[in-house]
1. Would you mind calculating the relative contact order of segment 215-260 from Cα pairs under 8 angstrom and at least 6 residues apart, reporting the percent as a whole number?
2. With a 10 Å cut-off between alpha carbons and a GNM built on the chain, which of Ser74, Ser94, Ser163 moves the most?
3. Would you work out which of Phe21, Asn2, Val142 lies farthest towards the positive end of the dipole of the chain? Charges go on Cβ: Lys and Arg +1, Asp and Glu -1.
4. Show me, for segment 187-199, the HN-Hα J-couplings you get by feeding each phi into the Karplus relation (A = 6.51, B = -1.76, C = 1.60, θ = phi - 60°), rounded to Hz, glycine and proline as x.
5. So for the chain, averaging the separation of alpha carbon pairs under 8 Å that are six or more residues apart and normalising by length, what relative contact order in percent results?
6. Is there a pair in Lys30/Lys69; Lys69/Lys111; Lys131/Lys204; Lys18/Lys192; Lys30/Lys56; Lys111/Lys235 whose C-alpha atoms are over 18 Å apart, and which pairs would that be?
7. Which three extents, in whole angstrom, do the alpha-carbon atoms of the chain cover along their principal axes, largest first?
8. Run the simple label-point estimate for Lys204 and Asn157 please: 7 Å along Cα→C-beta, distance reported in nm.
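The values are calculated or read from the model by the stated rules, or taken from the named source; none is laboratory data. This structure is a prediction, so every number in the text was calculated from the model and none was measured. Heads up, the Cβs are rebuilt from the backbone with ideal geometry, glycines too, and the neighbour counts pull from every protein chain shown. When the accessible area is computed, the model is the full protein with side chains, heavy atoms only, and any ligands, DNA or RNA have been set aside. Shrake-Rupley method; radii C 1.70, N 1.55, O 1.52, S 1.80 Å.
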Amino acid sequence: MNIVEIKNKIDTQIVGKKILFFEEVHSTNKYLYQLALDRNLDDGTVLISDSQTAGKGRLERSWVSPKGKNLYISILLRPNISPKTVSIFTFLASCALKETFDGYGVGSKIKWPNDILVQSKKISGVLTELKLNKNIVDYLIVGIGVNINMDSDLILNLMPDISYKVTSLSIELDRAVEREEFAAELINNIDKYYIRFIKSGISKILSDWTKLWGAIGSMVEVVDGNNIYKGIAEKVDENGFLYIRKDDGRLEKVITGDFSF
Ligand code: BTN
(Lines give C-alpha, C1' and ligand atoms only; values in the text may rest on other atoms or scores of the structure.)
Protein backbone atom coordinates (compact mmCIF):
# COMPACT_ATOMS: atom_id res chain seq x y z
CA MET A 1 0.00 0.00 0.00
CA ASN A 2 1.44 3.37 -1.04
CA ILE A 3 0.35 6.01 1.46
CA VAL A 4 1.98 8.88 -0.46
CA GLU A 5 -0.27 8.04 -3.39
CA ILE A 6 -3.32 8.22 -1.11
CA LYS A 7 -2.17 11.56 0.29
CA ASN A 8 -1.69 12.92 -3.24
CA LYS A 9 -5.19 11.94 -4.22
CA ILE A 10 -7.09 13.35 -1.27
CA ASP A 11 -8.47 16.84 -1.07
CA THR A 12 -10.10 17.25 2.33
CA GLN A 13 -10.66 19.76 5.12
CA ILE A 14 -10.54 17.49 8.18
CA VAL A 15 -10.36 13.76 7.46
CA GLY A 16 -6.95 12.37 6.47
CA LYS A 17 -4.88 15.49 7.24
CA LYS A 18 -2.81 12.94 9.15
CA ILE A 19 -2.58 9.32 7.96
CA LEU A 20 -0.78 6.66 9.99
CA PHE A 21 0.23 3.48 8.16
CA PHE A 22 1.31 0.07 9.48
CA GLU A 23 2.16 -3.19 7.72
CA GLU A 24 0.34 -5.20 10.38
CA VAL A 25 -1.68 -4.46 13.50
CA HIS A 26 -4.10 -6.53 15.59
CA SER A 27 -7.00 -4.25 14.70
CA THR A 28 -6.90 -0.75 13.24
CA ASN A 29 -9.83 0.20 15.51
CA LYS A 30 -8.14 -1.07 18.64
CA TYR A 31 -4.75 0.40 17.74
CA LEU A 32 -6.09 3.87 16.93
CA TYR A 33 -8.20 3.80 20.11
CA GLN A 34 -5.07 3.01 22.15
CA LEU A 35 -2.87 5.58 20.41
CA ALA A 36 -5.44 8.26 21.15
CA LEU A 37 -5.30 7.43 24.86
CA ASP A 38 -1.62 8.47 24.98
CA ARG A 39 -1.39 11.17 22.34
CA ASN A 40 -3.64 14.04 21.49
CA LEU A 41 -4.63 12.95 18.00
CA ASP A 42 -6.52 15.46 15.86
CA ASP A 43 -10.07 15.13 14.64
CA GLY A 44 -9.95 13.24 11.34
CA THR A 45 -6.77 11.22 12.00
CA VAL A 46 -6.73 8.10 9.80
CA LEU A 47 -5.01 4.78 10.45
CA ILE A 48 -4.58 2.20 7.69
CA SER A 49 -2.97 -1.20 7.95
CA ASP A 50 -2.02 -3.65 5.21
CA SER A 51 -3.23 -6.54 7.37
CA GLN A 52 -4.89 -7.26 10.70
CA THR A 53 -4.23 -10.23 12.96
CA ALA A 54 -7.42 -9.69 14.97
CA GLY A 55 -9.77 -7.61 12.83
CA LYS A 56 -13.02 -7.04 14.69
CA GLY A 57 -16.54 -7.17 13.32
CA ARG A 58 -19.82 -6.33 14.98
CA LEU A 59 -21.32 -8.67 17.59
CA GLU A 60 -17.88 -10.04 18.62
CA ARG A 61 -17.33 -11.48 15.15
CA SER A 62 -13.92 -11.39 13.49
CA TRP A 63 -13.10 -9.57 10.26
CA VAL A 64 -10.97 -11.61 7.87
CA SER A 65 -7.98 -9.40 6.98
CA PRO A 66 -5.40 -10.97 4.64
CA LYS A 67 -2.31 -8.94 3.77
CA GLY A 68 -2.11 -6.78 0.68
CA LYS A 69 -5.62 -7.47 -0.60
CA ASN A 70 -8.18 -5.24 1.05
CA LEU A 71 -8.66 -1.97 2.88
CA TYR A 72 -8.63 -1.84 6.68
CA ILE A 73 -9.09 1.74 7.80
CA SER A 74 -10.08 3.51 11.01
CA ILE A 75 -10.88 7.18 11.42
CA LEU A 76 -10.78 9.11 14.68
CA LEU A 77 -13.49 11.76 14.97
CA ARG A 78 -14.23 14.21 17.74
CA PRO A 79 -17.83 15.27 17.13
CA ASN A 80 -19.83 17.12 19.71
CA ILE A 81 -22.65 14.60 20.16
CA SER A 82 -24.52 12.61 22.77
CA PRO A 83 -23.18 9.05 23.22
CA LYS A 84 -26.65 7.78 22.29
CA THR A 85 -26.34 9.03 18.73
CA VAL A 86 -23.04 7.39 17.72
CA SER A 87 -24.85 5.13 15.23
CA ILE A 88 -25.19 8.20 13.04
CA PHE A 89 -21.46 7.88 12.36
CA THR A 90 -21.92 4.34 11.08
CA PHE A 91 -24.58 5.82 8.80
CA LEU A 92 -22.21 8.62 7.76
CA ALA A 93 -19.57 6.03 6.79
CA SER A 94 -22.20 4.00 4.91
CA CYS A 95 -23.22 7.04 2.83
CA ALA A 96 -19.56 7.67 1.95
CA LEU A 97 -19.02 3.99 1.11
CA LYS A 98 -22.09 3.82 -1.12
CA GLU A 99 -20.96 6.89 -3.02
CA THR A 100 -17.49 5.42 -3.43
CA PHE A 101 -18.81 2.10 -4.75
CA ASP A 102 -21.21 3.93 -7.05
CA GLY A 103 -18.19 5.75 -8.50
CA TYR A 104 -16.91 2.34 -9.64
CA GLY A 105 -20.23 1.59 -11.30
CA VAL A 106 -21.18 -1.26 -8.98
CA GLY A 107 -24.67 -0.91 -7.61
CA SER A 108 -24.19 -1.13 -3.86
CA LYS A 109 -26.93 -1.32 -1.27
CA ILE A 110 -26.85 -0.19 2.34
CA LYS A 111 -28.03 -2.88 4.74
CA TRP A 112 -29.20 -1.57 8.11
CA PRO A 113 -27.44 -1.14 10.45
CA ASN A 114 -23.87 -1.34 9.13
CA ASP A 115 -23.26 -3.40 5.99
CA ILE A 116 -22.76 -2.63 2.34
CA LEU A 117 -23.87 -5.27 -0.13
CA VAL A 118 -23.27 -5.74 -3.84
CA GLN A 119 -25.44 -8.31 -5.61
CA SER A 120 -26.82 -9.19 -2.16
CA LYS A 121 -23.32 -10.16 -0.94
CA LYS A 122 -21.30 -8.39 1.74
CA ILE A 123 -18.47 -6.24 0.40
CA SER A 124 -17.91 -3.89 3.34
CA GLY A 125 -18.74 -3.42 7.02
CA VAL A 126 -18.50 -0.56 9.50
CA LEU A 127 -17.72 -0.81 13.22
CA THR A 128 -18.00 2.40 15.23
CA GLU A 129 -16.53 2.46 18.73
CA LEU A 130 -16.70 5.08 21.39
CA LYS A 131 -14.38 6.58 24.03
CA LEU A 132 -16.24 8.38 26.76
CA ASN A 133 -14.94 10.86 29.28
CA LYS A 134 -17.42 11.45 32.11
CA ASN A 135 -20.38 10.57 29.89
CA ILE A 136 -19.21 12.93 27.18
CA VAL A 137 -17.91 11.63 23.84
CA ASP A 138 -14.12 12.06 23.91
CA TYR A 139 -13.65 10.45 20.48
CA LEU A 140 -15.13 7.93 18.08
CA ILE A 141 -13.31 5.34 16.06
CA VAL A 142 -15.09 4.61 12.79
CA GLY A 143 -13.60 1.39 11.42
CA ILE A 144 -14.23 0.26 7.87
CA GLY A 145 -13.27 -2.97 6.14
CA VAL A 146 -13.63 -3.19 2.36
CA ASN A 147 -13.08 -6.36 0.34
CA ILE A 148 -11.15 -5.05 -2.62
CA ASN A 149 -8.93 -7.63 -4.36
CA MET A 150 -9.85 -10.96 -2.76
CA ASP A 151 -10.73 -13.51 -5.44
CA SER A 152 -13.35 -16.23 -5.05
CA ASP A 153 -10.79 -18.93 -4.18
CA LEU A 154 -9.30 -16.85 -1.38
CA ILE A 155 -12.76 -16.05 0.00
CA LEU A 156 -13.65 -19.73 -0.09
CA ASN A 157 -10.39 -20.62 1.66
CA LEU A 158 -10.56 -17.99 4.37
CA MET A 159 -14.30 -18.08 5.09
CA PRO A 160 -15.68 -21.41 3.90
CA ASP A 161 -18.92 -21.11 5.91
CA ILE A 162 -19.98 -17.71 4.61
CA SER A 163 -18.18 -17.50 1.25
CA TYR A 164 -21.51 -17.66 -0.65
CA LYS A 165 -22.55 -14.32 0.84
CA VAL A 166 -19.23 -12.44 0.51
CA THR A 167 -17.84 -10.61 -2.50
CA SER A 168 -15.09 -8.14 -3.39
CA LEU A 169 -14.78 -5.17 -5.74
CA SER A 170 -12.41 -7.06 -8.05
CA ILE A 171 -14.89 -9.94 -8.35
CA GLU A 172 -17.69 -7.54 -9.21
CA LEU A 173 -15.61 -5.58 -11.74
CA ASP A 174 -13.68 -8.57 -13.04
CA ARG A 175 -10.39 -6.65 -12.74
CA ALA A 176 -7.85 -5.73 -10.07
CA VAL A 177 -8.57 -2.47 -8.26
CA GLU A 178 -5.98 0.02 -7.03
CA ARG A 179 -6.50 0.12 -3.27
CA GLU A 180 -4.93 3.57 -2.94
CA GLU A 181 -7.46 5.04 -5.34
CA PHE A 182 -10.40 3.50 -3.48
CA ALA A 183 -9.01 4.62 -0.10
CA ALA A 184 -8.51 8.21 -1.32
CA GLU A 185 -12.00 8.40 -2.78
CA LEU A 186 -13.49 7.00 0.43
CA ILE A 187 -11.57 9.50 2.59
CA ASN A 188 -12.75 12.35 0.35
CA ASN A 189 -16.35 11.19 0.71
CA ILE A 190 -16.13 10.74 4.49
CA ASP A 191 -14.73 14.26 4.77
CA LYS A 192 -17.62 15.58 2.67
CA TYR A 193 -20.25 13.96 4.91
CA TYR A 194 -18.40 14.93 8.09
CA ILE A 195 -18.36 18.59 7.04
CA ARG A 196 -22.05 18.26 6.22
CA PHE A 197 -22.64 16.89 9.75
CA ILE A 198 -20.68 19.78 11.30
CA LYS A 199 -22.68 22.33 9.29
CA SER A 200 -26.14 20.79 9.38
CA GLY A 201 -26.16 18.26 12.22
CA ILE A 202 -27.37 14.73 12.73
CA SER A 203 -30.72 15.19 11.00
CA LYS A 204 -29.05 15.89 7.65
CA ILE A 205 -26.94 12.72 7.84
CA LEU A 206 -30.00 10.74 8.86
CA SER A 207 -32.02 12.06 5.93
CA ASP A 208 -29.13 11.45 3.46
CA TRP A 209 -28.73 7.93 4.80
CA THR A 210 -32.47 7.22 4.72
CA LYS A 211 -32.60 8.24 1.05
CA LEU A 212 -29.59 6.10 0.11
CA TRP A 213 -30.90 3.18 2.16
CA GLY A 214 -34.17 3.19 0.26
CA ALA A 215 -36.18 0.79 2.45
CA ILE A 216 -38.69 3.19 4.02
CA GLY A 217 -42.20 2.12 3.09
CA SER A 218 -41.08 -1.38 2.09
CA MET A 219 -41.96 -4.68 3.68
CA VAL A 220 -38.93 -5.70 5.78
CA GLU A 221 -37.87 -8.48 8.08
CA VAL A 222 -35.34 -8.41 10.90
CA VAL A 223 -34.16 -11.53 12.70
CA ASP A 224 -32.58 -10.93 16.11
CA GLY A 225 -31.89 -14.26 17.81
CA ASN A 226 -35.28 -15.86 18.33
CA ASN A 227 -37.18 -12.66 17.57
CA ILE A 228 -38.48 -12.03 14.09
CA TYR A 229 -39.85 -8.59 13.28
CA LYS A 230 -41.88 -8.21 10.08
CA GLY A 231 -43.70 -5.21 8.68
CA ILE A 232 -43.36 -1.92 6.86
CA ALA A 233 -40.18 0.07 7.65
CA GLU A 234 -41.48 3.42 8.89
CA LYS A 235 -38.39 5.31 10.07
CA VAL A 236 -34.91 5.15 11.57
CA ASP A 237 -34.25 7.52 14.46
CA GLU A 238 -31.21 9.43 15.75
CA ASN A 239 -30.13 6.42 17.84
CA GLY A 240 -30.10 4.24 14.74
CA PHE A 241 -33.15 2.27 15.88
CA LEU A 242 -35.54 0.99 13.23
CA TYR A 243 -39.32 1.31 13.58
CA ILE A 244 -41.47 -1.31 11.88
CA ARG A 245 -45.26 -1.02 11.47
CA LYS A 246 -46.65 -4.49 12.01
CA ASP A 247 -49.79 -6.00 10.45
CA ASP A 248 -51.76 -5.35 13.61
CA GLY A 249 -50.95 -1.64 13.33
CA ARG A 250 -48.50 -1.52 16.22
CA LEU A 251 -45.15 0.26 15.78
CA GLU A 252 -42.23 -1.92 16.90
CA LYS A 253 -38.78 -0.57 17.77
CA VAL A 254 -35.91 -2.77 16.58
CA ILE A 255 -32.44 -2.19 17.97
CA THR A 256 -30.38 -4.62 15.92
CA GLY A 257 -30.59 -7.85 13.93
CA ASP A 258 -30.21 -9.39 10.52
CA PHE A 259 -32.16 -7.24 8.11
CA SER A 260 -33.73 -8.08 4.75
CA PHE A 261 -36.17 -6.46 2.35
C1 BTN B 1 -18.93 -5.73 10.53
O2 BTN B 1 -19.43 -5.83 9.41
O3 BTN B 1 -19.23 -6.52 11.43
C4 BTN B 1 -17.96 -4.60 10.80
C5 BTN B 1 -16.60 -4.92 10.24
C6 BTN B 1 -15.58 -3.82 10.46
C7 BTN B 1 -14.20 -4.24 10.05
C8 BTN B 1 -13.21 -3.11 10.09
S9 BTN B 1 -11.67 -3.51 9.33
C10 BTN B 1 -10.97 -2.03 9.94
C11 BTN B 1 -11.50 -1.83 11.34
N12 BTN B 1 -10.67 -2.52 12.31
C13 BTN B 1 -11.32 -3.54 12.88
O14 BTN B 1 -10.83 -4.32 13.73
N15 BTN B 1 -12.57 -3.60 12.42
C16 BTN B 1 -12.85 -2.56 11.46
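1. On the way: 86 pairs, mean separation 16.1, N = 46.
With pairs under 8 Å counted, the relative contact order is 35 percent.
2. Evaluated over the chain, the most mobile residue of the options is Ser163.
3. Toward the positive end, the furthest listed residue is Val142.
4. Taking θ as phi minus 60°, the curve returns 4, 4, 5, 5, 4, 4, 6, 5, 5, 4, 4, 4, 6 Hz for segment 187-199.
5. Numbers: 525 pairs, mean separation 47.2, N = 261.
Relative contact order, the chain: 18 percent.
6. Values: Lys30/Lys69 20 Å; Lys69/Lys111 23 Å; Lys131/Lys204 24 Å; Lys18/Lys192 16 Å; Lys30/Lys56 9 Å; Lys111/Lys235 14 Å.
Cα-Cα > 18 Å for Lys30/Lys69; Lys69/Lys111; Lys131/Lys204; rest within.
7. 57, 46, 31
8. 4.6
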